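Presented below is the structure to which this report refers.
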Amino acid sequence: SVVTASTAEDIAEAVERARTGVEGWRTLPLRERCTIVGRFRALLAQHSDDLSTWVALESGKTEAEAAAGLLRGLEVLDFASSLQNLDVGGALDVSRGVRCETRREPLGVVAGITPFNFPAMVPLWMMPLALVTGNAFILKPSDKVPITACKLAELSAAAGIPAGVFSVIHGGKETVEALVGHDDVRAVAFVGSTPVAKSVYAMAAQHGKRALCLGGAKNHLIAVPDADDDLTAQAVVDSFTGCAGQRCMAGSVFVPVGSARRIVPKIVELASRLRLGDDMGALIDAAARERLVSAIARAESEGATLLLDGRKLTPNSDQTGGNWLGATVLGGVKPDMACAQTELFGPVLSVVEVDDLDAALSLEQHSPYGNATSIFTSSGATARYVSERSTTGMIGVNIGVPVPREPFSFGGTKASRFGHGDITGMSGLDFWTQYKKITSKWALQPDQTWMS
């Protein structure tokens with residue numbers, strides 16, 4: 001399959017189709033919109049094997065990882081469809097004869113700009129809630145993975161979502177600028193790296209748009225002496241190697257406190273067993289591999305020790321081509337080293353040993369990023385201590401990838417998020433809608449108060 005970058009004229013046409021299509025779409029009762037989106041969900045499930053194959057081929061994931069991402073996206077569709085049974089407005093008699101009412105209303109034409117690492121899941125974080133609440137949604141996927149987005153558009157049309165209500169445009173920076181700058185686009189959601197998230201947020205603000213832009217991360221996995229060795233080691237390996245480390249929820253810094261350093265050899269052992277092509281997929285492109293190889297070399301030059309070197313590993317014989325890097329573990333890492341500070345976005349784990357829990361928390365608190373922190377412990381008091389003092393948006397207790405599930409929302413803090421709110425759950429519902437407030441009085445009350 002081949003796609004071409006959208007021109008300025010293509011983008012203007014897509015926005016115009018959306019502006020026209022949303023007029024009829026927003027007037028449908030919520031229940032009818034939910035029914036149509038529910039048909040889209042059913043088609044996604046029916047074609048899940050084919051979609052997972054496309055995701056794996058485009059992004060380098062394993063088939064299992066691709067399928068898991070799609071399933072996570074289906075959960076958001078389930079939540080969106082459930083809104084027909086919830087009171088998404090409200091009314092109250094606020095005084096004698098005076099009634100206040102709120103109604104949720106769509107914004108109009110909205111857009112989502114999504115990354116390469118989850119070609120199906122991240123669009124499905126945005127699209128279902130935007131559509132169910134009555135908006136028209138324009139998707140601009142990463143130019144590295146355009147095909148999955150096209151498949152989503154095909155299935156949305158088959159489900160009965162009207163022309164223009166969901167559409168896909170392609171391209172790079174110029175496409176994003178044209179989309180964000182268009183007068184009729186009311187809101188923009190973005191998921192990607194922190195520099196680009198910050199840039200898109202600033203651009204949207206300049207144009208008076210509502211924007212929520214999620215960026216990168218440097219997630220810390222803290223283990224205290226009473227942590228379960230096997231549970232912790234497996235969770236850490238799954239976290240830093242899943243999706244070849246190319247996800248904003250990957251734990252990339254392991255922080256053993258005191259005697260918890262005993263877990264490090266177990267992590268190295270488990271990670272060394274991972275087979276490229278079977279247990280872990282490929283990197284997105286050659287540039288990503290070159291960047292990671294350079295980061296590993298720099299860590300060595302700064303004094304880190306290679307406990308596991310994945311640079312020379314090759315995939316199984318079934319794989320041809322691709323850009324591969326095996327699980328890599330760096331020991332003896334100091335907090336000020338680049339590998340402990342910057343987002344590497346690959347299967348590289350930096351081990352920073354500390355003497356006490358407050359020192360571990362200090363690493364997380366001083367990080368510019370704020371996506372996730374995990375604590376591995378057998379103590380509820382310790383888990384609460386970390387949860388209350390962490391400065392990140394998502395906390396895991398004995399969980400290496402603490403992604404909230406619907407209706408709980410996804411989002412970080414600090415340089416991991418620009419804008420207000422989160423991208424899924426009830427917070428996502430708020431992002432794609434606005435409240436209309438109505439205050440009414442129908443009869444003169446004989447016993448008026450200052451409020452009436």
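The values are calculated or read from the model by the stated rules, or taken from the named source; none is laboratory data. On a predicted model such as this, the values are computed, not experimentally measured, just so you know. Ideal geometry is used to build each Cβ from the backbone, glycine not excepted, and the neighbour counts take in all protein chains shown. Areas reflect the complete protein model, heavy atoms only, side chains present, ligands, DNA and RNA absent. Shrake-Rupley method; radii C 1.70, N 1.55, O 1.52, S 1.80 Å.
A few comments on the model shown:
- Our helix-only sum for the chain, with -39,500 (n - 2.57) per DSSP H run of n ≥ 4 divided by its residues, gives a mean residue ellipticity at 222 nm of -12500 deg cm²/dmol.
- Placed amide H near Ala223: partners under 5 Å, 5+ positions off or other chain: Val255, Val257, Phe376
- Cα gyration tensor category, rounded, prolate or oblate, for region 31-112 with a/c compared to 1.5: prolate
- 3J(HN,Hα) along region 318-327, derived from phi through the Karplus expression 6.51 cos²θ - 1.76 cosθ + 1.60 where θ = phi - 60°, amounts to 6, 8, 10, x, x, 10, 10, 8, x, 4 Hz, with x in place of Gly and Pro.
- Tilt relative to the chain, helix 121-132 - C-alpha long axis, 0 to 90 degrees, to 10: 10
- Accessible surface, the chain, averaged per residue in Å² (probe 1.4 Å): 42
- By average C-beta atoms within 10 angstrom, highest first, the peptides 151-160, 285-294, 243-252: 243-252, 151-160, 285-294
- Net charge dipole size for the chain [Lys, Arg +1 and Asp, Glu -1 on Cβ; Debye, nearest 20]: 980
- A simple rule links phi to the HN-Hα coupling: the Karplus curve 6.51 cos²θ - 1.76 cosθ + 1.60 with θ = phi - 60°, which for region 133-143 gives 7, x, 8, 9, 10, 10, 9, 10, x, 4, 6 Hz, with x for Gly and Pro.
- Evaluated with a Cβ-only charge set (Lys, Arg +1; Asp, Glu -1), region 183-238 carries a dipole of roughly 660 debye about its Cα centre, given to the nearest 20.
- In Hz, Karplus ³J(HN,Hα) per residue of region 252-264 (6.51, -1.76, 1.60; θ = phi - 60°; x = Gly, Pro): 10, 10, 9, 10, x, 9, x, 5, 5, 4, 4, 7, 4
- Solvent-accessible area assigned to carbon and sulfur over the chain amounts to 53 percent, based on a 1.4 Å probe.
- Cut-off under 5 Å, modelled amide H: who pairs with Thr413 long-range: Gly370, Asn371, Gly393
- Enclosed volume per residue, in Å³, of the convex hull spanned by Cα atoms of the chain: 164
- For region 392-434: rounded, prolate or oblate by the Cα gyration tensor [a/c cutoff 1.5]: oblate
- Set of aspartates and glutamates near Lys441 by C-alpha distance (under 15 Å), chain-local residues within fewer than 8 positions excluded: Asp93, Glu101
- Peptide packing: for 370-377, 45-52, the average count of neighbouring Cβ atoms within 10 Å per residue gives the ranking 370-377, 45-52, highest mean first.
- Charge dipole of the chain about the Cα centre (unit charges at C-beta), most positive-ward option of Gly251, Pro347, Leu231: Gly251
- Applying a threshold of 18 Å to the alpha-carbon distances of Lys218/Lys414; Lys140/Lys414; Lys198/Lys414; Lys198/Lys436; Lys61/Lys414; Lys218/Lys334 flags Lys140/Lys414; Lys198/Lys436; Lys61/Lys414 as lying beyond it.
- Quarter of Cα convex hull surface for region 211-349, i.e. mean projection, nm²: 9.2
- Amide H within-cut-off set for Arg311, under 5 Å, with H built and near neighbours excluded: Gly326
- Cα gyration tensor shape for region 199-285, rounded if a/c is under 1.5, else prolate or oblate: oblate
- Counting only Cβ charges, +1 for Lys and Arg and -1 for Asp and Glu, the dipole size of region 313-452 around its Cα centre is about 620 debye.
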